[in-house]
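Okay, so here's the structure we're looking at.
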Amino acid sequence: MSAAPEYGYDPPEYDPPRSTIGPHTVEDWLELDPAPDGSTIELIMGHLFVTPTPSLGHQRLSRRIERLVEDALATAGRTDLEVLATVNIEISSTIRTALIPDVVVLSDGRNGVFAPAEDLSLVVEIWSPGNTLAERETKAASYALAGVPFFWALDQPSKLNPLRLTAHRLENGLYKAENTLETEGPQTITAAPVPITLDLADLVR
């Protein structure tokens, strides 16, 4: 098995060529009307990307992750944090990037239509087979650039691969895999705002 990738940019040196940045701004993105079919529209380097409505399996995984993290925060007494799904997140106005992660842990009590990246403690992305490697790397690197401390990548199961959860911790501008879960049974994730014990079997039952 290949090692888990390290995602991220070195923020002080990251200055993308302006020719690669599209015409749309974060303000343009925020003014968009919701898609009538429930699809998601994200802004990456000034370009709009549309993702189809998540499958039922994707939505189940999202809700179960949300509940498990919520329970762990409550047990730890972290009333300063809350767990939400599909929140508009402004990553950077400079590189015109705004994303909608599957699940986030962020500072409790914010109102409005979006949250700034500095409010985030954890981002969870549930990868579908249709998510390209370039898309995965770009999103993960964007969260690293924004300074989000923890990033989880959850690969949905397929005929060839089992369900896999990789939890990353941000170190020197890079996400480094700290916990990788591929087998059933209770396991503790330390790359998180509080240690979280979960069983992959609970995510797919």
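The values are calculated or read from the model by the stated rules, or taken from the named source; none is laboratory data. None of these values were measured; they are calculated from a predicted model. Quick reminder, even Gly has a Cβ in these numbers, built from the backbone with ideal geometry, and neighbours come from all protein chains shown.
Points worth noting:
- Residue check for R110: surrounded by fewer than 16 Cβ atoms within 10 Å (Cβ to Cβ), over 18 Å from F151 (Cβ atoms) and at pLDDT 90 or above: no
- For I95: the one exception among (1) surrounded by fewer than 13 Cβ atoms within 10 Å (Cβ to Cβ); (2) part of a loop (DSSP other than H, G, I, E, B): (1)
- The residue that is modelled with the highest pLDDT, counting only those in region 126-163 that are within 23 Å of R78 (Cα to Cα) and surrounded by fewer than 22 Cβ atoms within 10 Å (Cβ to Cβ), is P149.
- Filter result (closer than 18 Å to H58 by Cα and among the basic types (K, R)) within region 149-199: K159, R164
- Single residue of G112, G38 found to be free of Cβ contacts under 8 Å to residues at least 12 places away in the same chain and either assigned to a strand (DSSP E or B) or on the phi > 0 side of the Ramachandran plot (or both): G112
- Complete set of residues in region 63-92 that are surrounded by fewer than 19 Cβ atoms within 10 Å (Cβ to Cβ), small (G, A, S) and touching a residue at least 24 places away in the same chain (Cβ under 8 Å): A76, S92
- Those residues of region 87-127 which are among the polar types (S, T, N, Q) and either touching a Phe, Trp or Tyr at 6+ places or on another chain (Cβ under 8 Å) or under 25 Å from P23 (Cβ atoms) (or both), in sequence order: N88, S92, S93, T94, T97, S121
- Residues of region 119-161 classified as more than 23 Å from V50 (Cβ to Cβ), within 14 Å of the chain's Cα centre (by Cα) and either among the polar types (S, T, N, Q) or part of a helix (DSSP H, G or I) (or both), total: 3
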